[in-house]
Structures are given as C-alpha cells and as structure tokens.
C-alpha cells in the first residue's frame, strides 16, 4: 500500500513538474516572439528615421549648392565688367569652383542608401567639402 501511495505521489510530482516546465517553455517562446516583433518594429523605425535624415540633408545640401551656383553666377557677371590681366585668373578660379559645385551636386544626387554608418561618414565628408566651397567663394569675393 505504501508503494502504491509513493508511486502515485511521485507520478503526481512528475506531472506537475512537466506541466510547469511546459508552460514556462511556452511563455519563453511567446516572450521571444514578442521581442522579435519589437526588434523588427525598432529596426523599421530606425530605417524610416535614417531615410528621413537622408532626405532632409539632401534638401539642405541642394539649397547650399544652389546658393553656391548663385554666387558663382554673380562672380561671372562681375567678371564681365573687369577687363584686366587678373580677369583670366579670376575666370579660371570661378570655372574651377563651378565645376566642383556641379560635381558635389551630382555626388549628392547619386548617393544611394548604404547603411547608417556609411551615410554618417558620407555626410561628414560632404559637409567638409561644402565648407571648403563656401570658404573658397568668400575668398574669391575678396
């Protein structure tokens, strides 16, 4: 009789342990699935922010490049009024700046999304080039 009670008690304990572990596994799977969904949502949001940042920066850069084009046009107009030896050197500098500005516009237009790290590096380099262009335009105005 004691053996039967002992066998029933052990069986009961094993069933309880099995059910508890089964529920825990199911909960773990559900939790993992939820974490995956959250991670995918976070990734989607990060990608949307990245694309929005790219578009905003491209618009800002296009505005700066357009302003540079206007400055270059103004310099070309001034060149027409000067007829001295320095005019040839001035014209060459303006032509170089005009080509560089055009190249920068093309470079920005041709940039394709390649990941946030590459975008940040590209943006940093592009800002440096825009700053150099702005400084060169100010220097030529003097």
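The values are calculated or read from the model by the stated rules, or taken from the named source; none is laboratory data. If you're wondering where the values come from, they're calculated on a predicted model, not measured in any experiment. Here the Cβ is made from the backbone with ideal geometry for all residues, glycine too, and neighbour counts use every protein chain on show.
With the structure loaded, tell me whether residue 70 is assigned to a helix (DSSP H, G or I) and closer than 17 Å to residue 136 by Cα or whether it fails that test. When the stated conditions are applied, residue 70 passes them. What number of residues in region 97-111 are without any contact (Cβ under 8 Å) to a residue 24 or more places away in the chain and farther than 30 Å from residue 47 by Cα? Residues in region 97-111 being without any contact (Cβ under 8 Å) to a residue 24 or more places away in the chain and farther than 30 Å from residue 47 by Cα: 1 in total. Note on region 112-142: among residues that are in contact (Cβ under 8 Å) with a residue 12 or more places away in the chain and farther than 20 Å from residue 70 by Cβ, the one that is surrounded by the fewest Cβ atoms within 10 Å (Cβ to Cβ) is 113.
Does residue 52 satisfy being part of a helix (DSSP H, G or I) and exposed (fewer than 10 other Cβ atoms within 10 Å of the Cβ)? Criteria not met by residue 52.
Mind listing whichever residues of region 110-136 are assigned to a helix (DSSP H, G or I), touching a helix residue (DSSP H, G or I) at 6+ places or on another chain (Cβ under 8 Å) and closer than 30 Å to residue 48 by Cβ?
Correct list: 116, 119, 123, 126, 129, 130.
Sub-8 Å Cβ pairs linking a first residue in region 81-96 that is at negative phi and part of a helix (DSSP H, G or I) to a second residue that is modelled with pLDDT under 85 and loosely packed, with under 12 Cβ neighbours inside 10 Å, at least 6 apart or interchain, are 90/82, ordered by first then second residue.
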